Amino acid sequence: MKITIDVQPLLGRKSGVGQYIWGLVNGLGDIDHENSYFLSFFDFKNRGITVPLPAANFHHRQFFFPARVVSLLWRTAAWPPYNFFFGAYDIFHFPNFVIRPVKRGKK
């Protein structure tokens, strides 16, 4: 199964949501070596991400576009779908308080 996790909160200082994502990714890396995980985030300034991949079945999915612009589009028009930026997945996990629009897949 292909699963993507929105790890956007990990780009800055880790708050409560960032700590949760950090623990989730590392915990899944310890127990699940069958599913494919993709850690997705917007990185317009190309700062990179500070999350090391915990296992061989984990990958980064970086999109070079301003996250603030996309967030504004999602809040006002619920468009474009998350799939537009990061591709097709079976499951989308959005650990922050906003569920992104998706075209296909479970969220």
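Please verify whether the range 14-22 includes one or more residues that are assigned to a strand (DSSP E or B) and either open to solvent by less than 50 Å² (accessible area, probe 1.4 Å) or modelled with pLDDT under 90 (or both). Break it down stepwise before answering.
Residues of the range 14-22 assigned to a strand (DSSP E or B): none.
No: the range 14-22 contains no residue that is assigned to a strand (DSSP E or B) and either open to solvent by less than 50 Å² (accessible area, probe 1.4 Å) or modelled with pLDDT under 90 (or both).
Please count how many residues of the range 83-107 are within 16 Å of Pro9 (Cα to Cα) and open to solvent by less than 30 Å² (accessible area, probe 1.4 Å). Give the derivation first.
To start, the set of residues in the range 83-107 that are within 16 Å of Pro9 (Cα to Cα) comprises 92-100.
Next, from what is left, pick out any that are open to solvent by less than 30 Å² (accessible area, probe 1.4 Å): 92, 94-95.
Looking only at that region, the number is 3.
Filter the range 44-80 for residues that are farther than 26 Å from Leu28 by Cβ and part of a helix (DSSP H, G or I) and give the result.
Result: Arg68, Val69, Leu72, Leu73, Arg75, Thr76, Ala77.
Considering only the range 23-43, how many residues are at pLDDT 90 or above and assigned to a loop (DSSP other than H, G, I, E, B)?
Number satisfying all stated conditions: 4.
Which number in (1) open to solvent by 40 Å² or more (accessible area, probe 1.4 Å); (2) modelled with pLDDT under 90 marks the one condition that Leu11 misses?
(1)
Quick test of your reading of the structure: His59 fulfils all but one of (1) surrounded by fewer than 16 Cβ atoms within 10 Å (Cβ to Cβ); (2) under 17 Å from Asn96 (Cβ atoms); (3) modelled with pLDDT of 85 or more. Name the failing condition by number.
Result: His59 passes all but (2).
The values are calculated or read from the model by the stated rules, or taken from the named source; none is laboratory data. In this text the structure is predicted, and so the values were computed from the model without any measurement. Quick reminder, even Gly has a Cβ in these numbers, built from the backbone with ideal geometry, and neighbours come from all protein chains shown. Calculation scope for accessible area: heavy atoms of the full protein, side chains included, ligands and nucleic acids excluded. Shrake-Rupley method; radii C 1.70, N 1.55, O 1.52, S 1.80 Å.
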